[in-house]
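The next block holds one structure in the form of structure tokens; read it before the comments.
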Amino acid sequence: MFTVDGVTKVVKSALHPSGSARGDGKRSRRTGVTARLRVPFIRWLLRPLLHLLLDLHVAHPQRLQLAGPAIVCANHNSHLDSLVLLSLFPACLLPRVRPVAAADYFLRNPLLAWVATTLIGIIPIDRDARARGLDPLAGCHEALARGDILLLFPEGTRGEPERRQPLRKGVAWLLEQHPDVPVVPVFLYGLGKALPRGAALPVPFACGVAVGETLAWRGCRETFMQDLESALQRLAAGPHGKPCE
Amino acid sequence: MNAPQLTIGVSIALSGMLATLLFASAAQAGLARWQPERVRGELQARIRSWWWIAGAFAFVAMLSREVTIALVAFTSFAALREYFSIIPMRRCDRRVLAWAYAAIPVQFLWAAIGWYGMFMVFIPVCLFLLLPMRTALNGETRGFLHAAGALHWGLMTCVFSLSHAAYLLALPAHVNPAGGNLGLLLYLALLTALNDVAQYCAGKLLGQRKVVPRVSPGKTVEGLLGGIAVTTALATTLAPLLTPFSPIESLGAGLLVALAGFLGDVVVSALKRDLGLKDSGTAIPGHGGVLDRVDSLTMTAPFFFHYLYYLHY
């Protein structure tokens, strides 16, 4: 097994010499060490492990090959959601892909904070920022300006397994200031069964990811939220989705 | 790591498998060329998947006995995961499902070390008694019988039954100088697979009278008889190359595999029909899910194993 992996690694790096190296160079000032640890972690540990254990069905992964800054919006049922999404990106994009996650949850102890920021590469969101007169989305604005790809869960919380929740409007506020940034809707199913909220032990189940077509900003927050909601519903009801139980 | 026994018989059978696949691909290509209106994309996907399955099997068989057992164990895991994903399950049973998954490496370990007694009682006795206890400790009694029954049925078909295929590799090798242990597994796999194909083809070509129209409308008496004819013929041809069977015994083995394969297919069809599904999954292009592919093997593996074990071990 190890030799086969090693050979694949060598062949792949020979085929794509610019791959992760290019990403590293671009981000060297901010995430040099991070990317050097994070990209191999995602490519060689997370991705094979998730595919081996979860029987992932992925529809249209090529829609995630995003050139510039972008926002990926998915429904949220599990901690596995961002890990699975990360594992779908080509290695050359990985240094730029950043899940957006709650600071109060993921930075609550040093070990979790190290995993969340160094290995997963989250952009922490301060959920109480507005009460203190700060912009909770400040980190997201910066990241988009740098050309990063944000993974956002507009439902805001994982909620009950395999149930959709109303979308929160933060993403529309974000887009209002970055109207040219494309939004990719993604529907995930099964992951809420594999690792629901409150469970510590992941259990293998068939899971799926349906990547939708890019949504464009049409000048109004309400319109955008409707566009996003109906895109997610179409993906859920479509041939690659799975209606909620 | 035990070196795999590539006897002359096994090499001939593997070459035959390669030739059959080449013939199938050539026939499919010829059909696409000369009668394109009769060609469906599904057939090509199906043959391509057979290439992958046969290729993976041949590859691990060359590597070692342990890797082959690991591949059967993984197939078992994939089938069980698919089963757990399609049946309705209570949320409180997640932990019990984790126990069931954990049983897979243990069961295949008993197979690998050839501990026959433990292999035979681990799932039907130990887990059958222990898992309902764990399910009861969840404290939720509503749907208890369904949960315990569904769990055990899944373990029996996906894990216990399929692990018999792996145990063929742990039987004493000296009994079968012609094919070695690998020969026995190859014999079972080839007969089961070709029986599926022969029943399907005979049914398509000659099928008139339906056997179980409410469960599996595609199954016909003609298909079943065609499958039995092809499989017994193949069983007697391959027996001297791969098994210790006498000609009469091999005739019985062919008949057993043909009937058991048919029944395994029907039982999994009944499960899918109950759940309102056409296929159990999408893991294998052209075939459906893993369960769709191994449905007949869940029945042929234990029956073939015990037939062989009674006669020669």
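No value in this document is a laboratory result; all are computed from the given coordinates. Predicted, not measured: the structure shown is a model, and the values here were computed from it. Because the Cβ atoms are built from the backbone with ideal geometry, glycine has one as well, and the counts that use them run over all protein chains shown.
Which of the residues belonging to the range A:63-89 are in contact (Cβ under 8 Å) with a residue 60 or more places away in the chain and among the polar types (S, T, N, Q)?
Once the filter is applied, which keeps residues that are in contact (Cβ under 8 Å) with a residue 60 or more places away in the chain and among the polar types (S, T, N, Q), the range A:63-89 yields A:N75, A:N77, A:S78, A:S82.
I need a count of the residues in the range B:60-91 that are within 11 Å of chain A (Cβ to nearest Cβ), of a type in the set (A, V, I, L, M, F, W, C) and in a helix (DSSP H, G or I).
10
Could you say which residue among A:G208, A:G212 is crowded, with 18+ Cβ neighbours inside 10 Å, at the interface with chain B (Cβ under 10 Å from one of its Cβ atoms) and within 18 Å of A:F153 (Cα to Cα)?
Among A:G208, A:G212, only A:G208 is crowded, with 18+ Cβ neighbours inside 10 Å, at the interface with chain B (Cβ under 10 Å from one of its Cβ atoms) and within 18 Å of A:F153 (Cα to Cα).
Taking the range B:55-84 only, how many residues are touching a Gly at 6+ places or on another chain (Cβ under 7 Å) and farther than 23 Å from B:V125 by Cα?
Going through the range B:55-84 one residue at a time, the tally reaches 1.
Any idea how many residues of the range B:295-313 are under 17 Å from the mean Cα position of the chain (by Cα) and more than 16 Å from B:S216 (Cβ to Cβ)?
Counting residues in the range B:295-313 that are under 17 Å from the mean Cα position of the chain (by Cα) and more than 16 Å from B:S216 (Cβ to Cβ) gives 10.
I'm trying to understand the selection: among the residues of the range B:173-216, which are in contact with a Gly (Cβ under 6 Å, 6 or more places away or on another chain) and part of a loop (DSSP other than H, G, I, E, B)?
Answer for the range B:173-216, where residues must be in contact with a Gly (Cβ under 6 Å, 6 or more places away or on another chain) and part of a loop (DSSP other than H, G, I, E, B): B:A178, B:G179, B:G207.
Out of the residues in the range B:92-109 that are of a type in the set (A, V, I, L, M), farther than 26 Å from B:A170 by Cα and surrounded by 19 or more Cβ atoms within 10 Å (Cβ to Cβ), state the one that is farthest from the other protein chains (Cβ to nearest Cβ).
B:V96
Please verify whether the range A:170-181 includes one or more residues that are within 14 Å of another protein chain (Cβ to nearest Cβ), touching a residue at least 24 places away in the same chain (Cβ under 8 Å), surrounded by 21 or more Cβ atoms within 10 Å (Cβ to Cβ) and farther than 21 Å from A:L94 by Cβ.
No, every residue in the range A:170-181 fails to be within 14 Å of another protein chain (Cβ to nearest Cβ), touching a residue at least 24 places away in the same chain (Cβ under 8 Å), surrounded by 21 or more Cβ atoms within 10 Å (Cβ to Cβ) and farther than 21 Å from A:L94 by Cβ.
Taking the residues in the range B:242-255 that are of a type outside the set (S, T, N, Q) and within 19 Å of B:Y313 (Cβ to Cβ) as candidates, determine which candidate is surrounded by the fewest Cβ atoms within 10 Å (Cβ to Cβ).
Taking the range B:242-255 first, the residues of a type outside the set (S, T, N, Q) are B:242, B:244-245, B:247-249, B:251-255.
When the remaining residues are screened for being within 19 Å of B:Y313 (Cβ to Cβ), the result is B:242, B:244-245, B:248-249, B:252-253.
Details: B:L242: 27, B:P244: 19, B:F245: 24, B:I248: 9, B:E249: 18, B:G252: 15, B:A253: 27.
The qualifying residue surrounded by the fewest Cβ atoms within 10 Å (Cβ to Cβ) is B:I248.
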